[in-house]
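Only one structure is covered here, and it is reproduced in the block below.
The values are calculated or read from the model by the stated rules, or taken from the named source; none is laboratory data. None of the values given here were measured: they were computed from a predicted structure. Reconstructed Cβ throughout: ideal geometry from the backbone, glycine too, with neighbour counts over all protein chains shown.
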Amino acid sequence: MIAWLVGFIVLIVKIAVVLGTLLFIAAYLVWVERKLLGRLQVRLGPNRAGKFGLLQPIADSLKMLTKEDIVPEAVDRTIFLLAPAVVALTALLMFAVVPFGEDITLGGRPIPLVISDINVALLFIFAMSSLGVYGVALGGWASNSKYSLLGGIRGAAQMISYELSIGLSLVPVVMLAGSFSLVDIVAAQARYPYVLVQPVSFIIFFISAMAESKRIPFDLPEAENELGAGFHTEYSGMRFGLFFIGEYVHIQVLGALLAVFFLGGWHGPYLPGPVWLLIKMMAVALVMIWIRGTLPRLRYDQLMAFGWKILVPAALINIVITGAFVLI
């Protein structure tokens, strides 16, 4: 009984630490993005709330929490209210299986630095990613707005299409590691990261991850010059904030997954494992911000053609070549 209670307390502490860290980083990732985009576009970015604008995320959070939460009359109220929570919650749940360090010993008992090490962690990631599509699609449909509906349809089509290329890009990684567990995949990269032997999978995964997170040049579901704001046009207050937080948590999760699958996870010299994972996550996030400030938005037909005609065939060919090398 005591062992079960200790294990439960440790689990709650790990969940609290991970959630707190993710939400804190998500808030300040917005600040980093605004400052970097400001520099790329020859302007200052936020600089009024606190020194260098460091209090801007806190000011934005207070503004979101105190803004009136407007619900238009003609919406499907229940689905409209729940859709933002689906987007944010699925993004947070994906981090439950990400290992962020080597096991530590506490009171003679090993404590794994992962919330849940399940042997089908990769399938869990895909399941949560698929459920995230519902938040976007239902939020757009329930809003009873043509702009929102079109944004929701675009979001669902885009996320389903690029989820296929993400899945196919990870098949060679599973072949090499021989496991669906993210802990085993990181352990298999103790000698060298898989980006060295699977550069094609790395590129496909990175591009598809940007499309999954609806980042420029793949932000067609929002496309403000066409759809106003797309699937979240009718949202305000903290419900809009949940969509916003969900996007930046998703960036962190995809950065962590890119690190786990291709960059050796928490492996690295001199520094603790969680620090290395955080460095790799932030490096991926900074590259995504850099790309956002550099490239224009694709047309929708270009977006879909790129996924189905280039990424999917390239991933299939890579699977065949990897399978041949593994057999040899």
Is segment 223-239 home to any residue that is at pLDDT 85 or above, over 27 Å from Ala27 (Cβ atoms) and out of contact with any helix residue (DSSP H, G or I) (no Cβ under 7 Å at 6 or more places or on another chain)? no
Tally up the residues in segment 196-209 that are under 20 Å from Leu277 (Cβ atoms), out of contact with any Leu (no Cβ under 6 Å at 6 or more places or on another chain) and aliphatic (A, V, I, L, M), please. 1
Residues of segment 252-276 satisfying the condition of being surrounded by 24 or more Cβ atoms within 10 Å (Cβ to Cβ) and closer than 30 Å to Glu222 by Cα: Gln252, Val253, Leu254, Gly255, Ala256, Leu257, Ala259, Val260, Phe261, Phe262
Report those helices (runs of 4 or more DSSP H) wholly inside segment 214-327 carrying at least 1 residues which are touching a Leu at 6+ places or on another chain (Cβ under 9 Å) and basic (Lys, Arg). 237-262, 273-292
Exactly one condition in (1) in contact (Cβ under 8 Å) with a residue 60 or more places away in the chain; (2) farther than 25 Å from Ile310 by Cα; (3) buried (at least 20 other Cβ atoms within 10 Å of the Cβ) is false for Arg154; which is it? (2)
Of the candidates Arg297, Arg292, Arg239, the one satisfying the condition of being within 26 Å of Ile160 (Cβ to Cβ), within 20 Å of the chain's Cα centre (by Cα), surrounded by 23 or more Cβ atoms within 10 Å (Cβ to Cβ) and of a type in the set (Lys, Arg) is Arg239
Looking only at segment 192-233, filter to residues that are more than 24 Å from Thr322 (Cα to Cα) and in contact with a Pro (Cβ under 7 Å, 6 or more places away or on another chain); which one of those is surrounded by the fewest Cβ atoms within 10 Å (Cβ to Cβ)? Pro217
